[in-house]
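Notes to accompany the following structure.
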Amino acid sequence: MRYGICQLLFVLAWLWSFSSPAAEPIDPVVGALNVSLAKNLLHAREYLDQKDAKSLAQAAGNVQLLAELLKSRSDDSSWQESIGKVVAAAGGVQAAAKTEDIGKCKAAADALEAACAASGLAKPAGKPQPMAKSPALRPLMLSMDAIFADAKVSLISGNVDAAKKQALVVAELGKLVSNQRTTPDWLSLAGDFCAAANAAANSTETDPKAVRQLIRGVAERCEACHEKSRTR
């Protein structure tokens, strides 16, 4: 593995800090987004080590979407600039992945990690604002599936707090899904999905088995939406 030990320790420490209840920021969504963002940085490096450019591009896309959501949490100029660099660096990884040049991919991944490290010094001090551009439905759903999978893996390892944060991110992504269409059925199904994800995220349960049931309820709402779409 060619991943620098200092970089690895940074990402793991960053992930741990946002998974720790003692480190919870004022805005719980910011903390949850950072947990998922850090997890996807780890995934990106794993795919880079495996020379899997396609999966690397998807992980970078997840990072970019999460960073866009982070950016929208505050209109503070320092926050906007700092997180904007993460968005741009994630786009750089996606562009490098398309070339399938591992050297370029590694350089782009290093730049992304550096941008994320620098963004850790910024704090969201302003007011939330709408995302500059709503993502397309397919990449949005792929990102949601990936983060939902991370939540299930967190529960397998007994990390209930991380799973709840990932469920909160899924709920935030669900809002973006809801905005894709305006039909009553779509809004109702998306609303049910977001409500289930928020229920899992805000549960006081600490038993992984109990939280797993709540996460399963989110999956059922997701499947109900897909089933409705298939029957049309």
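Observations, loosely collected:
- Note on the chain: with charges restricted to the Cβ of Lys and Arg (+1) and Asp and Glu (-1), its dipole about the Cα centre is near 400 debye.
- Surrounding net charge for Gly92, when Lys and Arg each add one and Asp and Glu each subtract one, Cβ distance under 13 Å: +1
- Dipole of the chain [Lys/Arg +1, Asp/Glu -1 at C-beta], most positive-end residue of Gln180, Ala118, Val153: Gln180
- For segment 113-232, the Kirkwood estimate of the hydrodynamic radius, built from every pair of different alpha carbons, is 15.5 Å.
- Extension gain for the segment Ala118 to Asp207, taken as residue separation times 0.36 nm less the Cα-Cα distance, is 28.5 nm to one decimal.
- Using C-alpha pairs below 8 Å separated by at least 6 residues, the relative contact order for the chain is 17 percent.
- More than 20 Å apart - percent of Cα-Cα pairs taken over segment 26-109: 31
- Across segment 60-131, Cα-Cα pairs farther apart than 13 Å form 61% of the total.
- Volume of the Cα convex hull of the chain, divided per residue and given in Å³: 127
- Residue ranges 102-112, 179-189, 65-75 sort as 65-75, 102-112, 179-189 when ordered by packing (mean number of other C-beta atoms within 10 Å per residue, highest first).
- Relative to the Cα centre, the charge distribution of segment 130-232, modelled as +1 at Lys and Arg Cβ and -1 at Asp and Glu Cβ, gives a dipole magnitude of about 280 debye.
Read the figures in this text as sums done on the coordinates, not as results from a lab. Source: prediction; values computed, not measured. Every residue, glycine as well, gets a Cβ built from its backbone with ideal geometry; the counts of neighbours run over all protein chains shown.
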